[in-house]
Amino acid sequence: MMLTALALLPIVGGLVLALAPRGDWGRWFAVAVTGATLGLSLAVLARYDVEAGGMQLTEQRTWIEPMGVHYALGVDGLGLTLVLLTTVLTPFVVLAALRDRLPASEGASNGYLAWMLVLEGLAIGVFCATDVFLFYVLFEATLVPIYFLIGSYGTAGRGRAAIGFLVYNLVGGLVMLAAVVGLYVLSADAGEPSYLLTDLQGLEMGVWTERMLFLGFFLAFAIKAPLWPLHTWLPDAAGAATPATSVLMVSVIDKIGTFGMIRFCLGLFPGASEWASPVVMTLAVISILYGALLAIGADDLRRLVALTSVSHFGFIVLGVFALTTTSMAGSVLYMLNHGLSTAVLFLVTGVMIAQRGSADVAAFGGVQRIAPIMSGMLLVGGLSSLSLPGMAPFVSELLVIVGTFSREPVIGAIAALGIVLAAVYVLRLYRRTMTGPLSPDVGGMRDLGTREVAALSPFVVLILALGFYPQPLLDVIEPAVDEVSHVVGVGDPEPRTPAPVAQSEPQEEGH
Amino acid sequence: MNDVLDTAWVLVALPLAGALLLLTWGKESDRFGHWIGTAASAASFVWGAVLFVALAGRDADDRSVTTTLFTWFDVGRVRVDMALTYDQLSALFVLLITGVGTLIHVYSIGYMADDPRRRRFFAFLNLFVAAMLTLVLAADYLVLFLGWEGVGLASYLLIGFWQHKPSAAAAAQKAFVMNRVGDLGMVIAIALMLAHLGTTDIARVATGVPALSDGVVTGLGLLLLLGACGKSAQVPLQAWLLDAMEGPTPVSALIHAATMVTAGVYLIVRSAAIYDASEAARLAVVAVGLVTLLAGAAIGCAKDDIKKALAGSTMSQIGYMTLAAGLGPAGYAFAIFHLVTHGFFKANMFLGAGSVMHGTGDDVDMRHYGALRTAMPVTFFTFAAGYLAIIGFPGLSGFWSKDKIIETAFGFNVWVGLGTLLGAGVTAFYMTRLMAMTFLGRKRWREGVHPHESPAVMTVPLVVLAALSVLGGVMLLGHWITDWLAPVVGEAHHEELPVPAIVLTLSVLVVVAAGVALAWATYGRREVAADAPTDREVGWWTRAARHELYGNAVNDALVVRPTGQLVRGVTAFDKHVVAGAVSGLAGLFRDASQGLGRLQTGFVRSYALVLFGGAAALAAALLAVTIA
């Protein structure tokens, strides 16, 4: 019941916040609940046996018997990584959001925080669901909190952006629903209907049936992850959302797309995944370059950060559909790392926008002079986003590139162009906002305060720690992706001419 | 076995700790922060000297010690250990980096005394030293890449240290981005190694090279060369180096002359196994080196900005090293020899230029100098030592190191040899021009400028570096440096020379003398105009050299402007075509809803709310009923 408790804790917290009388208590209550959730997730991590791998902490109850629907939860290396991303991010995002200026109130209202808590709980549920129907329900349910977080608490143009978000994601969800129903039919044909992942894996199906079902799931996930050309909703939504909403949406919820690609597309339809792999890899490479080029040209800070994410999601999808253990492990690690660096970028630019009263890059200039900590944080987030070695995203991006290269050298090499473009969009952003003579219009800005530094520092520490020592996490991730890789059956090509072990290798172990 | 040589990590840890301390400690450390930074670098030098002695005390075939600190990452087919190799090559670099680095730290105490952000400056210098040591100690190409990008970051931060100047911020960005183009080569080379050899361990790659096909080896060589071109400002990725002179002068001395920019040469020499196996890759290296050595020298002749003239010279001298590295086992050791002596005399001259700027109110225009030898005697004499060393005055360090490269180049090919000989003459010309315009002739000082000698904290490092510039040639005594490096880079085979070596040496001296004489006739005996002649008044060759042989124009035309157009094109495409298609779809929904006589947004909103409220309620009810 540990996973149920983990998902329910923030949801119940959110309900309490929404229903109890308003007041300042709500802010610290939200921090406390998300903090407790983080603590509980660490307990889950402690209970998880890394050596053994596979689905653990499983729970299962029959829910809708005639349809074979179960309330079934469990985590493997993939799910656990994303659950941890969710629980680590949320408390600090909430902390950073406490003074957000909202349309109706000065400072975060309880309703705003309540939706964030509910969203956290639903996200945890999505990453733990081991029943396709349960996953589908929770997947759709996450749209509700985001819809309100954007539509009710966003900035100018929030109504339009919220609708755009909803229409886009609803279309994806509907197509996926068709595929979910299709799975039921197949499963019922084969005997007892069941939506359990374990029962659906290896289900007999015709080549074209498999491909159609694959497409149903893939389309929904490609919208969520945003893959070119289905990406336009993301910059629009981020452009009208508060920074905290953007972090939860881009860093956590969008990962459901790439998570789903591994869990469902590759896991349930391995043949179709291999079939689609060349096309998806091509779309992913287009996303990498296209998103980066758009980010170079972007003038709105929020859109700019969202567009860098389009490029990064391109890398994640590329690694998944390169179908090697190396690239897939890179992608899963990338999901977490991207969450951290994007959180820093959204939150720092969020403070910049709030203080300057404008999101236009051209409205800033020379800010480094009056706000050195703020500019330092922007630079750290930016360097992390451009995958500087020593920072977490480097290892994951490299694994994606070399894993892809081992199967498709041309695609891997073209994707590597992204590292040059990333340097351009990050350093251009920094130069235009932070350097140069102090623009008279930014005179009123102040540097980051204690609360803001407290919210951002954990991310910086994690980015550096995982940059130098990602191995514990990779130990969690590898068995999970290895299993998927085996199901698909493509795997990592052997090195053509393996290098012999050098003579100079140290012989002594220990002393 | 507990071996002192297993502690090479301490070399990196000391300056890294210094950097972290200085970056996180508050304002109260402003008073003494620079001493922490200097101490960290000095301690690393002392440790480097201890290790060097220990290494020299070992047998010649037992001078490579690899220590694995921990596994950086191990997943799928990739395993990378955080491992350091302390051997003859890295030991030399450690001494150069920490030795020259420490002198420059000391110098900076005086040079940056009035800067309110001096503590941060020292933090970045420490960060640089740590990254550069990682680069040269790495036992794996990916660890090398970590250091490689680390020095790139330090370079970025320090070029843009005075970031309130738009020119400095732009120069920093340009340096980083152009280096990233080179990094693209590095990353693809790493991917290629993993795909074919399954490892990026430098020693294992070396043992695996013989099994590779010619195409792959040449590919690796060219890709690594691309990386080297970026870091070492070699054609075609040279354009960032002159702009990088926006950084404080100690930075130009340490990073953009003595150490970081030579990392490309280090990379090629360290990858000797790859270049030994590919003649095509070696030829490409020679071509890049030759073109850059002549281009840099040409630029050095026309610049009136003392730092840019020196930067052109740096390009050119690194061209010599690259060329030597491309000559294979015959040239590797001489490339490194010239790299070390150049580290001495170029750091010396850059710091001298800084001292001149310090005394003239940060003026960099040599046309505003003249006759500074009397006002700044120590700077003059130390600079003169560097000057004589770089032009190859007999007996000084540069004489030995450059002579060896020219000799080896002639052994390879007469035309390449003639190119290096021509380069030596042009070097003598531009350095004499610089010397004459700065220290000799008549005063052309601007009003209110009273040149004065720099404080001892700045002149003492100058004196030490001047001594090294003079004496650096001792490394060649008894073929010490070639014998020392032979286990790493292979034994040199002496090519048959077209003429006896002594004739070559004399020819070099004649060409150098001609260069000096020509410059003296033009800038020493004749009056130097205090204002530069305009572009119209000078010949096309001067105009071209002034504009850095139009390198920036070429980059703009071929890369920057097309990229800008691509960005605008993609942005417009995204807005009108991709998003347009979607909003067209949304428009259909809206029209449909208007057809029903409802208001668009309100309708969709309430519809969505009802839909989701209903779905959520249904799900909750089902959940409650069935679980209960």
(message) Please list, in order, the residues from the range B:337-381 whose amide nitrogen is less than 17 Å from a point placed 7 Å along the Cα→Cβ vector of B:LYS165.
(response) B:350-368
(message) Let me cross-check A:GLU452: its accessible surface, 1.4 Å probe, with only protein heavy atoms counted, in Å² to the nearest 10?
(response) 20 Å²
(message) With viscosity set to 0.890 mPa s at 25 °C, what whole-number translational diffusion coefficient in µm²/s follows for the range B:416-557 from Stokes-Einstein and a Kirkwood radius over Cα pairs?
(response) 124 µm²/s
(request) Report the extension gain between B:TRP35 and B:LEU21 in nm, rounded to one decimal, defined as 0.36 nm multiplied by the number of residues separating them, less their alpha carbon distance. (result) 3.8 nm
(message) Probe radius 1.4 Å, ligands and nucleic acids ignored: give me the carbon and sulfur share of the accessible area of the protein assembly as shown as a rounded percent.
(response) 65 percent
(message) Just to check, using Stokes-Einstein with a Kirkwood Rh over alpha carbon pairs, what's the diffusion coefficient of the range B:1-74 at 10 °C and 1.306 mPa s in µm²/s?
(response) 111 µm²/s
(message) Let me spell out the model: positive unit charges on the Cβ of Lys and Arg, negative unit charges on the Cβ of Asp and Glu, origin at the Cα centre of chain B. What dipole size does that give, in debye rounded to 20?
(response) 1860 debye
(message) Rolling a 1.4 Å sphere over the protein heavy atoms, what is the accessible area per residue of chain B, to the nearest Å²?
(response) 37 Å²
(request) Quick one: pull the percentage of alpha-carbon pairs in chain B with a separation above 36 Å. (result) 41 percent
(request) Over the whole of A:369-378, what's the average partner chain Cβ count within 10 Å per residue? Rounded to a whole number, please. (result) 1
(request) Give the accessible area for B:VAL46 in Å² (nearest 10); use a 1.4 Å probe, count only protein heavy atoms, and leave out ligands, DNA and RNA. (result) 90 Å²
(message) List the lysines whose Cα sits under 19 Å from the Cα of B:LYS27, skipping any in the same chain fewer than 8 residues away.
(response) none
(request) Could you work out the per residue convex hull volume over the alpha carbons of chain A, in cubic angstrom? (result) 157 Å³
(message) What's the magnitude of the charge dipole for chain A around its Cα centre, counting Lys and Arg as +1 and Asp and Glu as -1 at the beta-carbon? Answer in Debye, nearest 20.
(response) 2100 debye
(message) With the cut-off at 32 Å, tell me which of the pairs B:LYS174/B:LYS303; B:LYS231/B:LYS404; B:LYS308/B:LYS402 have Cα atoms farther apart than that.
(response) none
(request) Have a look at the range B:175-196 and report residues whose accessible surface goes down by 40 Å² or more when the remaining protein chains are included, against the chain on its own, probe 1.4 Å, ligands and DNA/RNA excluded. (result) B:PHE176, B:VAL177, B:ARG180, B:LEU184, B:VAL187, B:ILE188, B:ALA191, B:ALA195, B:HIS196
(request) Working with all protein chains in place, sort B:ASP483, B:ASP114, A:ASP236, A:ASP482 by solvent-accessible area computed with a 1.4 Å probe, largest first. (result) B:ASP114, B:ASP483, A:ASP236, A:ASP482
(message) How big is the dipole moment of the protein assembly as shown about its Cα centre under a simple scheme where the beta carbon of each Lys and Arg is +1, that of each Asp and Glu is -1, and everything else is neutral? Debye, nearest 20, please.
(response) 4000 debye
(request) At 0.36 nm per residue, minus the direct Cα-Cα distance, what do B:TRP480 and B:ARG117 gain on full extension? Give it in nm, one decimal, please. (result) 126.3 nm
(request) Considering only protein heavy atoms, with the full assembly of protein chains and a 1.4 angstrom probe, order A:VAL69, A:VAL171 by accessible area, largest first. (result) A:VAL171, A:VAL69
(message) Sequence gap at least 6, Cα distance under 8 Å: using those rules, report the relative contact order of chain B to the nearest whole percent.
(response) 12 percent
(request) Give me the lysines in straight-line cross-link reach of B:LYS575: C-alpha distance below 20 Å, same-chain residues under 8 apart excluded. (result) A:LYS224
(message) Given 37 °C and 0.692 mPa s, compute D for the protein assembly as shown with the Stokes-Einstein relation, Rh being the Kirkwood radius over Cα pairs; round to the nearest whole µm²/s.
(response) 105 µm²/s
(request) Enter the buried accessible area of the B/A pair, total of both sides, probe 1.4 Å, in Å² rounded to the nearest 100. (result) 6900 Å²
(message) How large is the Kirkwood hydrodynamic radius of the range A:18-167, counting all unique pairs of alpha carbons, in Å?
(response) 16.9 Å
(message) Classify the range A:1-85 from the C-alpha gyration tensor, please: rounded if a/c falls under 1.5, else prolate or oblate depending on whether a/b exceeds b/c.
(response) oblate
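The values are calculated or read from the model by the stated rules, or taken from the named source; none is laboratory data. This structure is a prediction, so every number in the text was calculated from the model and none was measured. Quick reminder, even Gly has a Cβ in these numbers, built from the backbone with ideal geometry, and neighbours come from all protein chains shown. The protein model used for the area step is the full one, side chains on, heavy atoms only, and it has no ligands, DNA or RNA in it. Shrake-Rupley method; radii C 1.70, N 1.55, O 1.52, S 1.80 Å.
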